[in-house]
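Please read the structure below before turning to the comments.
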Amino acid sequence: MTRERDAGNWAQPVERLSAAGVAGASVDAVSGRRVSGPLQGFGQLWQKTFRVRLEGTDLSPQDVVAAWKANFPSFWPGGARFYAPLAGIAPGEVALLDIPPVPGSPVKLSTGVMVLYADDESFTFMTPEGHTLSAWITFSAHRDGDITIAQAQALERTSDPFDELAYVLGANRLNDRFWRQTLENLARHVGVVTPIVDVQAVCIDKRRQWRHAGNVRNSATLRTARHTLTAPVRWITRRG
Amino acid sequence: MTTTTIGLERVGSAALLRIGGDVTTASDDELTSAFGAAIDDGATAVILDFSGMEYMNSGGIGLLVTLLVRAQRSGVRLLATGLSDHYRQILSLTRLDEAIEIQPDEATALAAVAR
């Protein structure tokens, strides 16, 4: 038995993230930031699991995860953009995201993720400082009898008090809808006609971590709001 | 893939959980059960000994978060020992080392608990 046979599946340690391997995004809100997991967040800790049974297909879990990695941006609901790393979804790579705070919003929240872990049957993203959630989210597939099941499982806290307030007021439900639609799109892509996504949410820790309330200084939400409000000033400056 | 093996030993006020094999999401029941037994037994600290661990994926790291939350809720210290450089790097990468006390070996971990 070889020890540490997972060694190639994990990202290498990194002090500060770099999005140098991403093309196409207009805003890089990730480079220079640290990663931030569920322990570094502010809000209640939730474990959310989204599952879809890929009925009527004969794909193996490896096939599904390969398709998921290769087409990840196309499974996202409309309005959200995922700028994949040029090297693909591989350990240590960074992707940039533009996400509308609410569906249809012209304003986009610019943030990103780092690929924390990837193997043939799963891959995991970890969020950077400033993201609305301090989270890991794992995308995986496994067999249940004759059926392959695709799953997204998040371990998440909101990052700061403003994000927690937004979460309580509706962002939580929007986030659930986002991942449900993503799994539906994946299932349709592999040939499921009427995908049904099962959602389970468990509150792992009800406490809010007030010692991390200062995360607000990195907030992508506030940075985006500031960027939007100062857009006319930048426009005038450029013209004149 | 091999299964998880968990050995539970009480040393003074600490419980020593010797973790072997693979640590993945599938290890949840065994790990949670052993951890619960340690807390129910009145341990004030739980030392996770990873020297027998052969494989861990991101699901396994997720389990450590839930154990940590449970330890904090119960007022129990959580320590880790027996980590290879590779797994020590993973705890650093995921910033779990900010909450789990990492000790180089079992004796040092037990001494840290006794202090």
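Read the figures in this text as sums done on the coordinates, not as results from a lab. Not measured: the values here are computed from a predicted model. Counting neighbours? That spans all protein chains shown, and the Cβs are built from the backbone with ideal geometry, glycine included.
Per residue of A:119-131, what is the mean number of Cβ atoms on other protein chains within 10 angstrom of that residue's Cβ? Mind showing how you got there, number by number?
Values: counts 2, 0, 1, 5, 1, 6, 1, 5, 0, 0, 0, 0, 0.
For this peptide, the per-residue mean of nearby foreign Cβ atoms is 2.
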_Give me, ordered by chain and number, the residues 5 or more places off A:Ser31 or on other chains with an amide H under 5 Å from its own placed amide H._
A:Ala19
_0 to 90° range, to nearest 10: angle between helix A:220-229 axis and chain A longest Cα axis_ = 50 degrees
_segment A:169-240-segment A:5-35 distance, computed between alpha-carbon centres (Å)_ = 19 Å
_Under Karplus coefficients 6.51, -1.76 and 1.60, residue-wise ³J(HN,Hα) of segment A:14-30 in Hz, glycine/proline x_ = 9, 7, 10, 7, 9, 9, 4, x, 10, 10, x, 7, 7, 10, 10, 9, 10
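Over 19 Å, how big is the tail of the calculated P(r) for segment A:52-157, in percent of all Cα pairs? Numbers along the way, then the final one.
Working: 2615 of 5565 pairs.
So the portion of pairs separated by more than 19 Å is 47 percent.
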*Dipole of chain B, Cα-centred, from +1 at each Lys and Arg C-beta and -1 at each Asp and Glu C-beta, to the nearest 20 debye?*
360 debye
_Using the basic label-point model (7 angstrom from Cα toward the beta carbon), what is the B:Asp28 to A:Ser18 distance in nanometres?_
3.8 nm
*Along each of its three principal axes, how wide is the spread of alpha-carbon positions in chain B, in whole angstrom units, largest first?*
35, 26, 23
*Vicinal HN-Hα couplings computed from phi for segment A:82-93 (Karplus, 6.51 cos²θ - 1.76 cosθ + 1.60; Hz; Gly/Pro x)*: 10, 8, 6, x, 4, 7, x, 7, 9, x, x, 6
*Determine, for B:Thr44, A:Thr158, the number of other Cβ atoms within 10 Å of each Cβ, and report the residues in order from fewest to most.*
B:Thr44, A:Thr158
_Using only the alpha-carbon atoms, how far is helix A:61-70 inclined from the longest principal axis of chain A? Give it as 0 to 90 degrees, nearest 10._
30 degrees
*segment A:1-122 - Rg (one decimal) and Dmax (whole number), Cα, Å*: 16.3, 54
*asked:* Can you tell me what percent of all Cα-Cα pairs in segment A:96-240 are more than 21 Å apart?
replied: 53 percent
*Just the number, please: Stokes-Einstein D of segment A:1-72 in µm²/s, Kirkwood Rh from C-alpha pairs, 4 °C, 1.567 mPa s.*
77 µm²/s
*Taking only the C-alpha atoms, wrap a convex hull around segment B:1-62 and report its volume per residue in Å³ as a whole number.*
69 Å³
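Please compute the alpha carbon radius of gyration of the protein assembly as shown, then divide it by the globular-protein estimate 2.2 N^0.38 Å. Two decimals is fine. Could you put the intermediate results ahead of the total?
Values: Rg = 21.0 Å, N = 355, 2.2 N^0.38 = 20.5 Å.
That ratio works out to 1.03.
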*Per residue of the protein assembly as shown, what 222 nm ellipticity follows from adding -39500 (n - 2.57) for every DSSP H run with n ≥ 4, rounded to the nearest 500?*
-8500 deg cm²/dmol
*What are the semi-axes of the equivalent ellipsoid of segment A:186-239, taken as the square roots of 5 times the eigenvalues of the Cα gyration tensor, listed largest first and rounded to whole Å?*
38, 27, 7
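Mean Kyte-Doolittle of at least 0.0 plus a Cα span of 20 Å or more along the axis: flag which DSSP H helices in chain B meet both, please.
Qualifying helices: B:58-74.
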*Each residue of segment B:4-11 in order: what ³J(HN,Hα) in whole Hz does its phi give by Karplus 6.51 cos²θ - 1.76 cosθ + 1.60, θ = phi - 60°, with x for Gly and Pro?*
8, 10, 10, x, 10, 9, 9, 10
*For B:Arg73 and A:Thr49, what is the calculated FRET efficiency with R₀ set at 22 Å and r taken between the beta-carbons, to the nearest 0.05?*
0.55
*Does anyone have the angle between helix A:172-189 and the longest principal axis of chain A? Alpha-carbon axes, 0 to 90°, nearest 10?*
40 degrees
*When N is the residue count of segment B:39-101, what does its C-alpha Rg come to as a fraction of 2.2 N^0.38 Å?*
1.09
_For a quick check: with amide H placed at 1.01 Å from N, whose amide H comes under 5 Å from A:Ile89's, ignoring anything fewer than 5 positions away on the same chain?_
none
